[in-house]
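These notes concern the structure reproduced below.
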Amino acid sequence: MPYRRTPGVQARLSASRDRVVAAALELVAEHGYRGCSVGAVAERAGMATGSVYRHFPAKADLMAEVFRTASQREVDAVARAAELETTAAARTAAVIETFAGRALRNPRLAYALLAEPVDPAVEAERLVFRRAYAAVFTRFVAAGIAAGELPEQDAALSATALVGAIGEALVAPLAAGSIAPGTVPSLIAFAHRSLGVRP
């Protein structure tokens, strides 16, 4: 008869895995992917290095999970910001302000999520992350078109282009650790022009 983990064992394993991911996320936020070794994660999590490998067979697996965890938080925050507004113009502004504001509060992590050279497994997650952002934009662009606030356009294409432009515009400031005061208003104005928001 195959061994089945008891609920207690499963809960301990889940808690241990969560501790590894939390420790790795802290290290990435402090030092980036390059500064996040498995040994450092084990030390931060208060466990042996072998215990980390029991949950994640390779560092790339751990980093991909860290990326998924961190990026999902960011996408959720942006989606919540958009849902609080009622017009395409306000939603665009809220998304950019939220994204840039959170990035500025933790520029090292934001740079790691957006642009730091990473393992192919993490790069694959980065593409998923961009598509998730684009989906948030697509929903409110489509709603804006339906409401007559925006001109007819390919909502998904516009959304994808904006996500790329906003991310690219923030890479250099985040690498430097700061965003100039006019950056966010300029990005909002750019997005409004791109979407055809009526003055």
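The values are calculated or read from the model by the stated rules, or taken from the named source; none is laboratory data. What you see is a predicted model, and the numbers here were worked out from it, not measured in a lab. Counting neighbours? That spans all protein chains shown, and the Cβs are built from the backbone with ideal geometry, glycine included. For accessibility, only protein heavy atoms count, side chains too; no ligands or nucleic acids. Shrake-Rupley method; radii C 1.70, N 1.55, O 1.52, S 1.80 Å.
Before moving on, here are some points about what is shown:
- Subset of the range 102-116 (residues that are open to solvent by 20 Å² or more (accessible area, probe 1.4 Å) and either touching a helix residue (DSSP H, G or I) at 6+ places or on another chain (Cβ under 9 Å) or of a type in the set (S, T, N, Q) (or both)): 102, 104, 106, 107, 108, 109, 111, 114, 115
- Filtered residues of the range 1-49 (kept if under 13 Å from residue 66 (Cα atoms), assigned to a helix (DSSP H, G or I) and either open to solvent by 30 Å² or more (accessible area, probe 1.4 Å) or modelled with pLDDT under 90 (or both)): 17, 18, 19, 22, 26
- Residue pairs whose Cβ atoms lie under 8 Å apart, separated by 6 or more positions or on different chains, with the first residue in the range 66-90 and over 28 Å from residue 31 (Cα atoms) and in contact (Cβ under 8 Å) with a residue 60 or more places away in the chain and the second open to solvent by 10 Å² or more (accessible area, probe 1.4 Å) and of a type in the set (D, E, K, R), are 87/149; 88/149; 89/149.
- Of all the numbered requirements in (1) open to solvent by less than 40 Å² (accessible area, probe 1.4 Å); (2) over 15 Å from residue 174 (Cβ atoms); (3) out of contact with any Leu (no Cβ under 6 Å at 6 or more places or on another chain), residue 99 misses one, and that requirement is (2).
Rundown of residues vs (1) modelled with pLDDT of 95 or more; (2) more than 20 Å from residue 81 (Cβ to Cβ), yes/no style:
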{"site": "127", "(1), (2)": "no, yes"}
{"site": "133", "(1), (2)": "no, no"}
{"site": "138", "(1), (2)": "yes, no"}
{"site": "154", "(1), (2)": "yes, yes"}
{"site": "158", "(1), (2)": "yes, no"}
{"site": "179", "(1), (2)": "no, no"}
{"site": "182", "(1), (2)": "no, yes"}
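- Candidate set: the range 177-187, residues that are under 19 Å from the mean Cα position of the chain (by Cα) and assigned to a helix (DSSP H, G or I); chosen: the one surrounded by the most Cβ atoms within 10 Å (Cβ to Cβ): 187
- Here the condition is being closer than 15 Å to residue 26 by Cα and in contact (Cβ under 8 Å) with a residue 40 or more places away in the chain; of 113, 104, it holds for 113 alone.
- Filter result (part of a loop (DSSP other than H, G, I, E, B) and polar (S, T, N, Q)) within the range 145-159: 153
- Pick from the range 69-96, criterion outside any helix (DSSP H, G or I) and of a type in the set (Val, Ile, Thr), ranking: least open to solvent (accessible area, probe 1.4 Å): 87
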